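Since the structure comes first, as structure tokens, the remarks are kept for the end.
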Amino acid sequence: MGALIPNPNDIEVIDKLNARFSGAGLATLRQFMAANHDDTFNPARHLHRISYRLKIYPTSGSRPRARWFVFLRDLIGGQVARSILAAIAAGVNDWDTTTTPPVGCAGIRFWAIYDPTMVVPPDYIAEIETAQPDTNSQYWITITLRCYQEIDPQNPGISDPTTPDGGENGGSQPIIGPLTKPKSAKKAAKKSSAKKAVKKVAKKSSKRSVKKKK
């Protein structure tokens with residue numbers, strides 16, 4: 001039923017979530033929320049709409065996006081969705097930059113596991129773990145979704161949730177920085193220099209060949 005959890009689509013989403021809610025991804029998300037006065041993880045918001053806004057959804061397979069959105073809206077269950085949303089809000093909003101170094105939640109990690117022992121229903125349970133703060137008073141939150149089964153492959157899913165939640169600011173799908181590091185300018189410059197050097201050597205070699213023939 002769900003022994004393949006996490007499947008490739010799950011891993012794709014988990015990787016995107018972990019990138020967005022840690023390091024540079026989380027920093028730019030916090031900056032966006034502050035600049036636009038957007039309480040992105042307000043209890044009145046909806047996970048499938050938040051996922052759409054942050055462009056966090058699978059892209060491979062049969063109807064991956066549509067099935068992901070119906071999962072967050074209907075299949076995961078209201079209580080589980082609310083507990084996940086509350087945990088994310090608690091972590092994202094707990095970051096005090098008035099101290100050096102900053103204190104609060106350094107990031108949120110996500111994972112999914114198959115649990116055949118679960119009583120059905122529910123099919124999904126969210127486990128929220130908050131680690132002890134380190135010496136800098138920074139801590140991590142881990143959200144693990146225990147799953148009894150995968151989404152039915154025959155489920156058609158739902159269309160993109162384009163209707164805004166109340167209080168949204170900053171756009172329907174705001175650009176909140178890349179989730180992966182782009183090629184640095186230095187690396188690009190080095191490659192360009194290397195190519196030029198190769199061309200110069202080639203030119204010199206051809207000139208020498210011409211001279212020898214003469």
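For region 141-180, backbone nitrogen atoms closer than 15 Å to the point 7 Å from ALA66 Cα along Cα-to-C-beta are found at 152-162.
In the frame of its principal axes, region 8-182 has Cα extents of 51, 37, 33 Å, reported largest first. The residues HIS46, HIS37, when put in order of fewest to most other Cβ atoms within 10 Å, stand as HIS37, HIS46.
Every read-out reported here was derived from the displayed coordinates using simple, explicitly stated rules and does not represent laboratory data. These figures come from a predicted structure and were not determined experimentally. Glycine also receives a Cβ, built like all others from the backbone with ideal geometry; neighbour counts cover every protein chain displayed.
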